[in-house]
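Visitor: Handing you a structure now.
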Amino acid sequence: MHKSTAIYRSPDEIINLKIRIRIREVGGGGDDPLEEIQTFRWQQKIFGQFERGFYLDRKNCATELERKYHAEVAKLSEKSNVVFSYVNDDGYEGVDDNCGKMHLMADLGDSQATNLCTVTYDPARKVLTMRPDFTQSEPYRIHIEGDVKRIFQYRIDDVSEKIPFDAQLKENEILDRINLHQQKLKLDKGHAGFELPGKNKLDVCLYLEILAARNFENDNVYVQYFIDLPAHWSCKNSDALKGCTQTSIRANSEDGAAHFGLPFEICLEYDVQRMDEEEILKSPYVYFEAVSKDFWDRFRTEGLAYTILPVTQAGVYSYELRCLRICPEGIACNLRRFFIGDFSNYDHITCASLPREPREVRFAYFRPVITFFQGRMNRYGVLSVGTGEISVRVSVLQQSQAFSEDFASENGNRQRKFLLDKLNTSVLIKSIEQVVAAFKVAKRKMVEARKNV
């Protein structure tokens, strides 16, 4: 019969466990075949033939446990047991601090004892492991090779005393109440200090990580970031809207990336009641500026990049942002960048994108000006060059009472549907914009390829 290990979870005490081993010889035993039945309790010590002879001699007993076994063996009858046990104190397979073990063995005349069953119990989880499992139908078989081949069959039966039905029901009721109480404690602990957003608010929790920067002109780079919020968006901690990474040098790898691994977290709040004023939900932008610093403390702007924050759909997003650098003409500006650096030669980092309101961006050391008025941006006379890339990962979590199942009134359902429709519309528009942008890039590459033919 195939031997398999079984795992049981039992709320009962392990001291109530009783296992019966029934073994008999079914082949090769001659006129007097072996047969024995032995019942064991948890950690009950029963001595085998070898142990009896060993512990009976006082000279072999040096430890306190061995002297205890000597006293017990001296009281036993001359008849030895075929089936015996090794308990935790014997250290048959080492000692496990977390689990208790018990080995049920048989002395079948072979050179060494045969392991019939190993019982393991984990008191912390109240898990009982039987290897092999209790006998379900056909008994287990053992073959002993020798001058005469001997075959044994044995069964492992659970003969623990069953508690009365009424007591079982009462015990189950008590266990159910204990489990309910433990679940309530976990829920109460989980809700402690957990603040829900306002009824008419949409909270968007952002976990951003600036991963790396690569392919920039100079080494020793750090990255500054700034989050620009449109109307109806707010942040309780305004200081979290901007920050910077540590300085990092290029790694000795093929891409020569400077790694940062800087995580920062920010929670934004949107007034849901203002959604009916906007056809499409306006999303915040995050801006990045890569800056290098050399050993003379000369700071140089290596590149600017930005991306829209995906606040309309929860998930994890990764970006490889291509950077540009404002590159003024003239030898004076180039000399300035080389000798003293050109960091912060503009008055606002958002000059890399479309400003949200009319603005004029002036540059400190050269003439060109970027203006934005009536939806038109003028970059005439402003030169820029592509530089490196910044790797960013953004995790987005949305919270609103409109998403809650408890928010089940007619007005609540209407507001939930309105909120979800607005968010889905924004996601669709952004997907279309991404497709159009990808098409424009592909078209430009096709035109450039034709020119080169």
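The values are calculated or read from the model by the stated rules, or taken from the named source; none is laboratory data. Since this is a predicted model, take the numbers as computed values, not measurements. Glycine gets a Cβ as well: all are built from the backbone with ideal geometry, and neighbour counts include every protein chain shown. Just the protein is used for accessible areas: all its heavy atoms, side chains included, with ligands, DNA and RNA removed. Shrake-Rupley method; radii C 1.70, N 1.55, O 1.52, S 1.80 Å.
Visitor: Kindly indicate which of Glu173, Glu161 is farther than 30 Å from Glu35 by Cβ and of a type in the set (Asp, Glu). Spell out the reasoning first.
Guide: Values: Glu161 fails: farther than 30 Å from Glu35 by Cβ.
From the options Glu173, Glu161, the qualifying one is Glu173.
Visitor: Hey, another quick one. Is there any pair with a first residue in segment 36-48 that is closer than 22 Å to Asp110 by Cβ and in contact (Cβ under 8 Å) with a residue 12 or more places away in the chain and a second that is assigned to a loop (DSSP other than H, G, I, E, B) and charged (D, E, K, R) whose Cβ atoms are under 8 Å apart and which are 6 or more apart or on different chains, and what are they?
Guide: Correct list of pairs: Gly48/Asp107.
Visitor: Can I ask one more? Could you tell me which numbered condition Arg177 fails, if it satisfies all but one of (1) basic (Lys, Arg); (2) open to solvent by less than 90 Å² (accessible area, probe 1.4 Å); (3) in a helix (DSSP H, G or I)?
Guide: Arg177 satisfies every listed condition except (2).
Visitor: Same structure, new question: State the number of residues belonging to segment 37-51 that are farther than 10 Å from Tyr86 by Cα and either open to solvent by 30 Å² or more (accessible area, probe 1.4 Å) or modelled with pLDDT under 85 (or both).
Guide: Initial filter on segment 37-51 (farther than 10 Å from Tyr86 by Cα): 37-42, 49-51.
Filter once more, keeping what is either open to solvent by 30 Å² or more (accessible area, probe 1.4 Å) or modelled with pLDDT under 85 (or both): 37-39, 41-42, 49-50.
Going through segment 37-51 one residue at a time, the tally reaches 7.
Visitor: Quick one: Val291 ticks every box in (1) more than 32 Å from the chain's Cα centre (by Cα); (2) modelled with pLDDT under 90 bar one, so which box is it?
Guide: (2)
Visitor: Can you give me the number of residues within segment 212-256 that are surrounded by 19 or more Cβ atoms within 10 Å (Cβ to Cβ) and of a type in the set (A, V, I, L, M)?
Guide: 6
Visitor: Surrounded by 14 or more Cβ atoms within 10 Å (Cβ to Cβ), outside any strand (DSSP E or B), out of contact with any Gly (no Cβ under 8 Å at 6 or more places or on another chain) and not aliphatic (A, V, I, L, M): does that describe Thr118? Walk me through how you get there before you give the answer.
Guide: Details: surrounded by 14 or more Cβ atoms within 10 Å (Cβ to Cβ): yes; outside any strand (DSSP E or B): no; out of contact with any Gly (no Cβ under 8 Å at 6 or more places or on another chain): yes; not aliphatic (A, V, I, L, M): yes.
Taking the combined requirement at face value, the residue does not satisfy it.
Visitor: If you scan segment 143-173, which residues turn out to be under 42 Å from the mean Cα position of the chain (by Cα), without any contact (Cβ under 8 Å) to a residue 12 or more places away in the chain and open to solvent by less than 100 Å² (accessible area, probe 1.4 Å)?
Guide: Gln168, Leu169, Asn172
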